[in-house]
Amino acid sequence: MSISFPSAPAEKEVLENAGLFSPKFDAHGLVTAVVTDVRDGELLMVAHMNAQALALTLETGIAHYYSRSRDKIWKKGETSGNLQTVKEFRTDCDQDAVWLKVSVAGHDATCHTGRRSCFYRSVELVDGQAKTRILDDVRHFDPATTYSSE
């Protein structure tokens, strides 16, 4: 089965009401994907999806994303074992972003650093300079051994 997505309707009323999923891709063919843990709502990551990643995610129930740096589709957790099973898939009002509520297998970690969330740092203004502070330094896996083959 191959899913295709219709072009976004020009009429705002049609776009904003129930009906076909017609993602509004940016100039690079991408939509933003916000990913949270279905259990507690923790923000795990923000990524991008192209039409192929969206289709694979809907068809398989496993989150797939588009890597801008590697210029390819990737199944989240394929290397680490921390697969993201999509429990709920939402889109925003103008369909240029999606929200995935997922359960994470394996070590229950999403970040390539081994942490649960990619958002493990806070940003604060200290003496007129923006500084980061690590809030979560718990490593659920060792990135050096997990990603050694990449």
Residues to consider are Gly77, Gly41; find the one that is assigned to a loop (DSSP other than H, G, I, E, B), closer than 27 Å to Phe21 by Cα and at pLDDT 95 or above. Gly41
Breaking point among (1) over 21 Å from Pro6 (Cβ atoms); (2) in a strand (DSSP E or B); (3) of a type in the set (Lys, Arg), for Arg90: (1)
Return only the number of the condition from (1) more than 30 Å from Pro143 (Cα to Cα); (2) in contact (Cβ under 8 Å) with a residue 12 or more places away in the chain that His107 does not satisfy. (1)
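The values are calculated or read from the model by the stated rules, or taken from the named source; none is laboratory data. Predicted, not measured: the structure shown is a model, and the values here were computed from it. Backbone-built Cβ (ideal geometry, glycine too); neighbour counts: all protein chains shown.
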